[in-house]
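What follows is a short report on a single structure.
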Amino acid sequence: MVLTYYATPKATPLVLDNLINQIKPATSRMDLKPIYSFNGNGLWMAKMRGEGQRVGEADDLDMWQDFIERMQREKDLE
């Protein structure tokens, strides 16, 4: 799993990957294949940048929920 960042909806996304020490544009990462995308609003099949088929809620992603819970615990410890 990698994180992509779009500066604008039509921009080439930048890819943050914990296996590579550089942030690169998605156009230089031919080894990646988009399957799903998600944000705080939902989960989509990855098709046509922002126009994919919605397939669920971000809350349905167990790993995402684990991450949110860990972040909350760390915040509570501060």
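The table for this structure:
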read-out: Nonlocal amide H pairs with Leu43, under 5 Å, H built at 1.01 Å; value: Val55, Gly56, Glu57, Ala58
read-out: Principal axes of region 3-77: Cα extent on each, largest first, Å; value: 39, 32, 22
read-out: Residue of Asp59, Asp17, Asp31 that the Gaussian network model of the chain assigns the largest fluctuation, springs spanning Cα pairs under 10 Å; value: Asp31
read-out: Within the chain: Cβ-based charge dipole about Cα centre, in debye rounded to nearest 20 (Lys, Arg +1; Asp, Glu -1); value: 580 debye
read-out: Dipole of the chain [Lys/Arg +1, Asp/Glu -1 at C-beta], most positive-end residue of Leu19, Ala7, Trp64; value: Ala7
read-out: Per DSSP, loop chymotrypsin sites (Phe, Trp or Tyr not before Pro) in the chain with at most 15 further Cβ within 10 Å; value: Tyr6
read-out: Residue range of the chain that is longest and free of trypsin sites (Lys or Arg not before Pro) which are both DSSP loop and sparsely packed (at most 16 other C-beta within 10 Å); value: 50-78
read-out: On Cα atoms only, tilt of 62-77 relative to the major axis of the chain in degrees; value: 50 degrees
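Values quoted throughout were computed directly from the atomic coordinates according to the rules given, and no laboratory measurement underlies them. Bear in mind the structure is a predicted one, so any value in this text is a computation, not a measurement. For neighbour counting, all protein chains shown are included, and Cβ atoms are generated from backbone atoms with ideal geometry for every residue, glycine included.
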